Protein chains: 2
Amino acid sequence: MPELRKDPVIGRWVIIATERAKRPSAYAKSAEQKKGGFCPFCAGCEEHTPPEVLSYRSPGTERNTPGWWIRVVPNKFPALQIEGPENRVGEGMYDKMSGIGAHEVVIETPDHNKSLADLDARQVSEVIWAFRDRMIELRKDPRLRFAMIFKNHGRDAGASLDHPHSQIIALPVVPKRVQEELDGAQMYHNFKERCVFCDMIHQEQKDGVRVVWENNGILCLSPFAARLPFETWLLPKAHGSCFSEITKNQVLDLGEMLYRLLRRMKEILDDPPYNFMIHTLPFTETNRVSYHWHIEVIPKLSRTAGFEWGTGFYINTTPPEDATVYLRENGAQIEEVPSGSPAS
Amino acid sequence: MPELRKDPVIGRWVIIATERAKRPSAYAKSAEQKKGGFCPFCAGCEEHTPPEVLSYRSPGTERNTPGWWIRVVPNKFPALQIEGPENRVGEGMYDKMSGIGAHEVVIETPDHNKSLADLDARQVSEVIWAFRDRMIELRKDPRLRFAMIFKNHGRDAGASLDHPHSQIIALPVVPKRVQEELDGAQMYHNFKERCVFCDMIHQEQKDGVRVVWENNGILCLSPFAARLPFETWLLPKAHGSCFSEITKNQVLDLGEMLYRLLRRMKEILDDPPYNFMIHTLPFTETNRVSYHWHIEVIPKLSRTAGFEWGTGFYINTTPPEDATVYLRENGAQIEEVPSGSPAS
């Protein structure tokens, strides 16, 4: 069973995969997976995954057979296991617990070769519905405290299978990074009596220089302190702290905006590797005036190096105001600026 | 001038490089730098870098000419600039300041093709002396609050130049990640009245399963809650909070241990990309009973993906106890375990 271990200094938990432990040779450059070959996520290969926990499919088709356009299955090689008790224990000065949790794969399309950016806004909205439906189901398990919904696109962003898919990992603890965001937003609220994300939306709409697009429900912006070049956030314009409570209209607006953003990034950044993550409340809460769910999209255009690892400080070589201009449809018309890479 | 900006929720500062801003095409896959060609860090090319701020060189040789074995120069394309005032200002709800600071390159050898793992313990100790000498110099500037000494080896670990070098970035603020480590260690000390790192050293020496090697002054261990496969820490066995106060014997012991570790990683992990970072006190302090300087070495064998970005939680596919066995000299003799990669 995987083990959760806590760093005694920083308080960060990690998942130690004890059962499928890798030998050094598994990391050698020659061990890179080859492309192509059999794909368990394609239509017709349903028996090669664990049985589906959700699918959107044509009426009359059977579960675990073709006919679906969205399919959610448990990960065949999960980082965490769904059975078992928490089993919190000490080991001398250290703390650990059993690696319980859920790890699911959201297969975004039956078509192996179409990424989200190649589909359409409607299909992206279907993916969002699946995220929401699974979130509602997972929070019923009282042992689970938080679920991270995320996507890795491209090998450099951590994807190991090419077929378009996202993932959901539900955890028995609230991660440090999530707690920090909640605490930071709460501190702002204590001081201002306003939601920091709502304030951000208002200031950005007024300033205009970091708003990429907006539609009825969603604002797409380059954050003021973007960590990475072309980091982009999608925020619901109406205050809401819990992603599970997304409305039908918001699903459609978010689908349109996410599709548009991924398509534009693919165009101007040469199909970049990217991650997106849904930031939302832990399962232990359903509402917070100080917090605001949102999606963060980060293309992986540069490497995270020693400086970032050691300090948590990032060096961003494309100011968010520039990224905004490039991302807007007329981005191609702006004047060229000299390109250069800060040494090493 | 570069700009420091603060995230209004998390409180994390980022450096926005406004002057050498990159266009989207600079990130395209086709824009990858080619290997080979002219190298400004090689002996004989001294005029292609800014003038040296430190060198260890043969008696009778002139500054900024060959004859050196270690050379430290300001980065030609610095992330931060050394001149100017702090200039802290607000921009509506946001906070920013001028990007002042120092950014230096430690050229570790005149030989373009020899990495630290190809040199010897003595030369690695010389690199450590250079780190220490520069640290002492940089902390004299009252505007600077912290310096991160780090190395990026290999493109996947963020290196953009092949010639062996490390970097020093001195900042006008104490980074969040550093403050968290100080605070975590302080909390432990408040509770136990002992240094958490000293406790770790004692428990690891007793347990034995995560100690890779030790010599007189330095313990080399796989941390209990290692974030990444083969993450390894080097700690001085005697309590000390400030890297600048490293003793001569410790420099030699650390040089031997760091050389041995990098060499062993190169052997068993196929010359992996890696980072190392020196964790030490901010400039505003010289001594803390609760803190203990150390070096963290992290090979970059897997990609940081959406889950890690969103949660700060890591999934480590090689338990530190296994990594310890592989890293010890007899590692090759242990039985093979099945290698497999957790899906996606």
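In segment A:36-58, which residue that is surrounded by fewer than 13 Cβ atoms within 10 Å (Cβ to Cβ) and closer than 24 Å to A:Met135 by Cα is farthest from the chain's Cα centre (by Cα)?
Top of the filtered list is A:Ser58.
Determine if segment A:295-304 includes at least one residue that is more than 9 Å from chain B (Cβ to nearest Cβ), in contact with a Ser or Thr (Cβ under 6 Å, 6 or more places away or on another chain) and surrounded by 23 or more Cβ atoms within 10 Å (Cβ to Cβ).
no
When the residues of segment B:141-171 are filtered to those that are part of a helix (DSSP H, G or I) and touching a helix residue (DSSP H, G or I) at 6+ places or on another chain (Cβ under 9 Å), which remaining residue is nearest to B:Leu4 (Cα to Cα)?
B:Ala157
A:Cys198 passes all but one of (1) open to solvent by less than 10 Å² (accessible area, probe 1.4 Å); (2) in a helix (DSSP H, G or I); (3) among the hydrophobic types (A, V, I, L, M, F, W, C); which number fails?
Of everything listed in (1) open to solvent by less than 10 Å² (accessible area, probe 1.4 Å); (2) in a helix (DSSP H, G or I); (3) among the hydrophobic types (A, V, I, L, M, F, W, C), A:Cys198 misses just condition (1).
Can you pull out the residues in segment A:268-282 that are more than 22 Å from B:Gly154 (Cβ to Cβ), touching a Leu at 6+ places or on another chain (Cβ under 9 Å), surrounded by fewer than 24 Cβ atoms within 10 Å (Cβ to Cβ) and facing chain B (nearest Cβ under 9 Å)?
A:Ile268, A:Leu269
One line per residue, one yes/no per condition, for (1) without any contact (Cβ under 8 Å) to a residue 60 or more places away in the chain; (2) within 9 Å of chain B (Cβ to nearest Cβ); (3) over 24 Å from A:Tyr188 (Cα atoms); (4) not in a loop (DSSP other than H, G, I, E, B):
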| position | (1), (2), (3), (4) |
| --- | --- |
| A:Ala238 | yes, no, no, no |
| A:Val251 | no, no, yes, yes |
| A:Arg264 | no, no, yes, yes |
| A:Thr284 | no, no, no, no |
| A:Ser290 | no, no, no, no |
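A:Thr61 passes all but one of (1) open to solvent by less than 30 Å² (accessible area, probe 1.4 Å); (2) at pLDDT 90 or above; which number fails?
Among (1) open to solvent by less than 30 Å² (accessible area, probe 1.4 Å); (2) at pLDDT 90 or above, the lone unmet condition for A:Thr61 is (1).
Whether any residue in segment B:65-80 is open to solvent by 20 Å² or more (accessible area, probe 1.4 Å), modelled with pLDDT of 90 or more, aromatic (Phe, Trp, Tyr) and within 20 Å of the chain's Cα centre (by Cα) is what I want to check.
no
With the condition kept exactly as written, say whether any residue in segment A:211-224 is surrounded by fewer than 17 Cβ atoms within 10 Å (Cβ to Cβ) and within 11 Å of chain B (Cβ to nearest Cβ).
Scanning segment A:211-224, I find no residue that is surrounded by fewer than 17 Cβ atoms within 10 Å (Cβ to Cβ) and within 11 Å of chain B (Cβ to nearest Cβ), so the answer is no.
Return yes or no: is B:Ser98 among the polar types (S, T, N, Q) and either in contact with a helix residue (DSSP H, G or I) (Cβ under 7 Å, 6 or more places away or on another chain) or in contact (Cβ under 8 Å) with a residue 12 or more places away in the chain (or both)?
Yes: the conditions hold for B:Ser98.
Output the residues belonging to segment B:94-110 that are modelled with pLDDT under 95 and outside any strand (DSSP E or B).
B:Gly99, B:Gly101
Out of everything in segment A:161-179 that is at the interface with chain B (Cβ under 7 Å from one of its Cβ atoms), touching a residue at least 12 places away in the same chain (Cβ under 8 Å) and open to solvent by 20 Å² or more (accessible area, probe 1.4 Å), what residue ends up being nearest to A:Leu281 (Cα to Cα)?
My answer is A:Lys176.
Which condition from (1) at the interface with another protein chain (Cβ under 7 Å from one of its Cβ atoms); (2) surrounded by fewer than 18 Cβ atoms within 10 Å (Cβ to Cβ) is the one that A:Gly184 breaks?
Among (1) at the interface with another protein chain (Cβ under 7 Å from one of its Cβ atoms); (2) surrounded by fewer than 18 Cβ atoms within 10 Å (Cβ to Cβ), the lone unmet condition for A:Gly184 is (2).
Being under 19 Å from the mean Cα position of the chain (by Cα) and of a type in the set (Asp, Glu) is the filter here, so list the residues in segment A:207-250 that pass it.
A:Glu231, A:Glu245
The values are calculated or read from the model by the stated rules, or taken from the named source; none is laboratory data. As the structure is a computational prediction, the values presented were derived from the model and not from experiment. FYI the Cβ positions are ideal-geometry reconstructions off the backbone, even for glycines, and counts take in every protein chain you see. All accessible areas refer to the heavy atoms of the entire protein, side chains included, with ligands and DNA or RNA removed. Shrake-Rupley method; radii C 1.70, N 1.55, O 1.52, S 1.80 Å.
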